[in-house]
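See structure below.
The values are calculated or read from the model by the stated rules, or taken from the named source; none is laboratory data. Worth saying up front: this structure is predicted, and the values here are computed from it rather than measured. A quick note on method: Cβ atoms are made from the backbone with ideal geometry, for glycine too, and the neighbour counts reach across all protein chains shown. Surface areas here come from the heavy atoms of the whole protein model, side chains and all, with no ligands, DNA or RNA. Shrake-Rupley method; radii C 1.70, N 1.55, O 1.52, S 1.80 Å.
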Amino acid sequence: MAIKDVQAYIDRHGLVETEDSEVDKPIWRKPGFGGVRGLLEIEEELSRFLRERRDAQNLNREQVGMMVGLHQEIYARHERAGAKLRVARLLHLAELLDFSPIEAIYAAEPQFFGETEQEAETRYKLVMRMLDLPAATAQNLLRLVEELSPDTGAENAANPPDTKRRG
């Protein structure tokens, strides 16, 4: 059942009404560190990130296009923010270009990781380090974190709280 007062939801989540060149109607967004960025700006950051990752793997657009089943010019549109990047395609590219989708999110919208740039960077670095841990170490770290915050451990795993931070 939907909530009755969408304005209360908007207020509680700190959303602001904004215009965006990509959408014909007003939309609500959460401001980032530099205010509300347009959806095209987010696409451009993701595009820059993809180019950097492709270059880091010493691949050209034709090679990546072939691996994702696209002509190089079609793939190039993703790297120029000329084509919308679907989540499924981003996940596929993460497999091919050896990056975590978390890296792409941080590159495009770091405010998902914290209230300040410093907090976001710290949390991002922590998440990336956790991804590199051996499974047994990760399990031990999870137990430790749950012991340090017993009121939120297992409960949050099943039902993540509705907070300002996501990531």
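Against the list (1) of a type outside the set (Asp, Glu); (2) free of Cβ contacts under 8 Å to residues at least 12 places away in the same chain; (3) open to solvent by 40 Å² or more (accessible area, probe 1.4 Å); (4) assigned to a loop (DSSP other than H, G, I, E, B), the condition Ala88 fails is (4). The single condition from (1) under 19 Å from the mean Cα position of the chain (by Cα); (2) within 24 Å of Asp132 (Cβ to Cβ); (3) open to solvent by less than 50 Å² (accessible area, probe 1.4 Å) that Phe112 fails is (3).
Of Ala81, Ala2, which residue is within 19 Å of Ala108 (Cβ to Cβ), more than 16 Å from the chain's Cα centre (by Cα) and not in a helix (DSSP H, G or I)? Give the steps one after another, and end with the answer.
On the way: Ala2 fails: within 19 Å of Ala108 (Cβ to Cβ).
Among Ala81, Ala2, only Ala81 is within 19 Å of Ala108 (Cβ to Cβ), more than 16 Å from the chain's Cα centre (by Cα) and not in a helix (DSSP H, G or I).
Pull up the range 7-25, narrow it to residues that are under 22 Å from Ala83 (Cα atoms) and over 20 Å from the mean Cα position of the chain (by Cα), then point me to the one that is least open to solvent (accessible area, probe 1.4 Å). Within the range 7-25, the match that is least open to solvent (accessible area, probe 1.4 Å) is Val23. Could you please find all residues in the range 91-105 being in contact with a helix residue (DSSP H, G or I) (Cβ under 7 Å, 6 or more places away or on another chain) and without any contact (Cβ under 8 Å) to a residue 40 or more places away in the chain? Across the range 91-105, the qualifying residues are Leu91, His92, Ala94, Leu96, Ser100, Pro101.
Looking only at the range 55-67, which residues are in contact with a helix residue (DSSP H, G or I) (Cβ under 6 Å, 6 or more places away or on another chain) and either closer than 18 Å to Lys84 by Cα or among the hydrophobic types (A, V, I, L, M, F, W, C) (or both)?
As a first pass, look at the range 55-67 and keep what is in contact with a helix residue (DSSP H, G or I) (Cβ under 6 Å, 6 or more places away or on another chain): 57, 61-62, 64-65, 67.
Within the range 55-67, Arg61, Val64, Gly65, Met67 meet the criteria.
May I ask you to say which residue of Leu59, Leu40 is at pLDDT 95 or above and open to solvent by 30 Å² or more (accessible area, probe 1.4 Å)?
Working: Leu40 fails: at pLDDT 95 or above.
From the options Leu59, Leu40, the qualifying one is Leu59.
Among all residues of the range 118-126, there is at least one that is within 16 Å of the chain's Cα centre (by Cα), modelled with pLDDT of 95 or more, loosely packed, with under 14 Cβ neighbours inside 10 Å and polar (S, T, N, Q).
From the list Arg37, Arg48, which one is within 15 Å of the chain's Cα centre (by Cα) and in a loop (DSSP other than H, G, I, E, B)? Spell out how you get there, then give the answer.
Working: Arg48 fails: in a loop (DSSP other than H, G, I, E, B).
Within the list Arg37, Arg48, the selection yields Arg37.
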